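The structure appears right after this line, and notes come after that.
The values are calculated or read from the model by the stated rules, or taken from the named source; none is laboratory data. Worth saying up front: this structure is predicted, and the values here are computed from it rather than measured. Virtual Cβ from ideal backbone geometry, glycine too; neighbours counted across all protein chains shown. Heavy atoms of the whole protein, side chains included, go into the accessibility calculation; ligands, DNA and RNA do not. Shrake-Rupley method; radii C 1.70, N 1.55, O 1.52, S 1.80 Å.
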Amino acid sequence: MNNLDSSLQAHNKLEKEATNLALLKDRVDKYHDLSTQMSSILTIFEKRLGNLEQTILPVYQETEQLQKRQQNLEATLNCLESVLSHYDVSQEVCQLIHQGPVEGNISVFLDALAKLRDANDYFRHNNSQSVELENVTSLFNTGCEGLSQHYSMLLKKHSAPLKPVELLDLIYIEDDSSDEYTSFRQLSQTTREELYTISHWLEQNLREYTNIYATERGEVVLRSLQLLKDHQKSNSWGHEALRPRHSGRQTEPKKTTSARLQQIFEKKANKLYLRATQTIEQSTGFSIKKASSHSDHLTSEDLMDGDQELDKYLVMLLGLQRLLNWERAIMIDIIPQSKHNEVFATLAYNAIDLVVKDAEAITQRILRCISRKEWTSALGIFSALKRVILLQPDIDRTYDPAQREQLKKVLKKLQHTGAKALGHFLDVVKGESSTNIVGQSNVPKDATVHELTSNTIWFIEHLYDHFDVIGSILAQDVLYSTQLDTILMKKALPVEERNKALLAIYIKKALAELNLSIMNKCEQYNDQATKHLFRLNNIHYILKSLQRSNLIDLVTLAEPECEHSYMEMIRELKASYQKTWSKMLVGIYSLDELPKPVAGKVKDKDRSVLKERFSNFNKDFEEACKIQRGISIPDVILREGIKRDNVEHILPIYNRFYEIYSGVHFSKNPDKYVKYRQHEINAMLSKLFDDSA
């Protein structure tokens, strides 16, 4: 039963597979028929496409050839038209070229020049022997010359020197980039653009224009400075100078030139100090306090030192710097960058040369003043030198290396003049010390402080206000630098103190020569007491002046025993002066040598001795009082001290002698010999050093 079922299932499956196979064969046959039909269609399409290609390709090739022929024809026509234009350009632009460029419409003229340049290039490469080349070249050169003339005309027309008041305002403006600064520009934006266009065209065509620009603008700078110089010679200079005139700025009281300069240089010094402080604080993290510097000493002392010619010169120097900054700003808008240095060097040369020559003339004049012992001019040099040093950062920013080197002549000239002034002053003091005492006397009759002493002290007191620049001058002298090294070996000094030490060395030399001069001058007096009082007056004046001005602390850097030495010298001179009374007192001092009175009487032979002693004392005392009443001791404390010393020295000795011998009968006319009582001696001594007594 089971076998029968299995056979039946197998038979059913076989029939089903046979049916599927028949169906598959039928479908394969259909697919084969479809493939055959598609292949036939593709074969027919390929044949037709081949036929189409054989028909269209010749047409395409012929069309391409026609297009090339058309392009060649157009190129030929354009070339022919261009060539013909080169032949016609001379006639086309001739009138325009000869008329020259028109301001505000420069592009038309430059287009004409471009056509001539192209024609020139064509004939030069294709027909160099043609007459047309000569015509085009000549016309092009004429046009370039006209363009250069137009360039020069524009600069002249729109460039004018600044009026002195405008330049002074320009100097007063601290920030060069301010709106007020731009208001001084004379060249309008339109003019600058036209000049810029011409400059670049001339640059590209290798034509000269830099000398034209530098000459015209350089003349503006030079004439502006010359007008300022002329203004400085006017009566209004000094009060009108440097006063702001902008209507937008608040009106300020009028200030003198020196005061305005003071304000300007204080600002510069403060800026330098602030910049240095910020640099140090950023690099180290330490906060520093303001120390002594250039700015600390630009005070009213500088105004007192002020030499008007130097003030005027400093204004010129500031004016030059401002004008050249101004010119740099203008040049950037007009001249190609590659030519800036060349143009600026030529533009600034004459103006810088004027300032340098003025410096030479001023320093020569000051040297003549110094030779006449006008020491205020020397102090003015140091003030000017200090201010020129403050200008160095501005000079470094404004000028190129060659110009900075040119302007260094000003600094070197001032330094040389300052060194000459210091040396000449020492020579004057030294020359006074070696003055021949035979002949006309040059010492004060009243033995007061000598003019040389007061002038020397006045000068060295004012030198302290310029210790920084004077120190830098003295440091260049090997004698001073060697002595400074000796001081530094004993005591370490900060850098800022070394200039003070150098000045201390100089003052020490001056005081040494002054002391020698006073010692030699006192020999011109015949009276010994007057000699000592003359020296005492001068030495005491020197010491008190040094103490009052605190210069004694400065001199101590070079001479630690300075104050003690002067005090010891004063003590010795007082003692020497007291000894001048010895001749008068020697006859009444030693009582043991005098006759001893008995009951108010002395022997006849001793009467003449007492007469002689009283007479000699009276004579010497009266003579001394007469001389010393005409002597002046200006210092009250010194004068009263010497009077007190005289009383304490003379009166006790005279009192002893008077008490013993005034009542002795040694003469029939005692009033002739006993002329002065004790109080009268005291009164006469109190009237010394008073010519009106």
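For region 14-158, with every protein chain kept in place, what is the accessible area per residue (1.4 Å probe, Å²)?
Computed with neighbouring chains in place, this is 75 Å² per residue.
Report, ordered by chain and residue number, the aspartates and glutamates lying within cross-link reach of K643, taken as a straight Cα distance under 13 Å and ignoring same-chain residues fewer than 8 apart.
By straight Cα distance, K643 reaches D635, D690.
How large are Rg and Dmax for region 594-693 when calculated on the C-alpha trace, in angstrom?
Just the Cα atoms of region 594-693 yield Rg and Dmax of 15.6, 50 Å.
Please report, as a whole percent, how much of the solvent-accessible surface of region 587-692 comes from carbon and sulfur atoms (probe radius 1.4 Å).
Summing carbon and sulfur atoms, their accessible area is 48 percent of the total for region 587-692.
Which of the residue pairs K491/K531; K373/K509; K163/K420; K490/K531; K373/K626; K157/K412 have a Cα-Cα distance greater than 30 Å in the structure shown?
Cα-Cα > 30 Å for K491/K531; K163/K420; K490/K531; K373/K626; K157/K412; rest within.
Within the accessible area of region 14-158, what % is carbon and sulfur when the probe is 1.4 Å and the other protein chains stay in place?
55 percent
If I take every Cα pair under 8 Å that is 6 or more residues apart in region 14-158, average their sequence separation and divide by the length, what percent do I get for the relative contact order?
Reported relative contact order: 20 percent.
Leaving ligands and nucleic acids out of the surface, order F45, F140, F123 by accessible area at 1.4 Å, largest first.
So the residues, ranked largest to smallest area, are F45, F140, F123.
Compute the accessible area per residue over region 587-692, keeping the other protein chains in place, probe 1.4 Å, unit Å².
58 Å²
For region 321-459, which whole percent of the accessible surface, found with a 1.4 angstrom probe, sits on carbon and sulfur atoms?
Answer for region 321-459: carbon and sulfur cover 50 percent of the accessible area.
Per the Cauchy relation, a quarter of the hull surface: what is the mean projected area of the convex hull of the alpha carbons in region 510-651, in nm²?
In nm², the orientation-averaged hull projection of region 510-651 is 10.8.
Using the basic label-point model (7 angstrom from Cα toward the beta carbon), what is the S130 to N616 distance in nanometres?
Result: 13.2 nm between the two label points.
So what's the Cα pair-distance distribution over region 14-158, bin width 5 Å, in %?
2, 8, 10, 9, 7, 6, 5, 5, 4, 4, 4, 4, 4, 4, 4, 3, 3, 3, 3, 3, 3, 2, 1, 0, 0
With a sphere of radius 12 Å drawn around the Cβ of P670, what net charge do the other residues whose Cβ falls strictly inside it have (Lys, Arg +1; Asp, Glu -1)?
+4
Express the accessible area of region 350-454 per residue in Å², computed with a 1.4 Å probe while the remaining protein chains stay in the model.
Normalised by residue count, the accessible surface of region 350-454 is 44 Å².
Using only the Cα atoms of region 316-380, what are the Rg and Dmax in Å?
Looking at region 316-380, its Cα Rg and Dmax stand at 17.3, 54 Å.
Of the listed pairs K409/K544; K339/K409; K500/K574; K574/K601, which have alpha-carbon separations greater than 30 Å here?
K409/K544; K500/K574; K574/K601
Just need the relative contact order of region 587-692 here, percent rounded to a whole number, with Cα pairs under 8 Å and 6+ apart.
Once divided by the residue count of region 587-692, the mean separation gives 47 percent.
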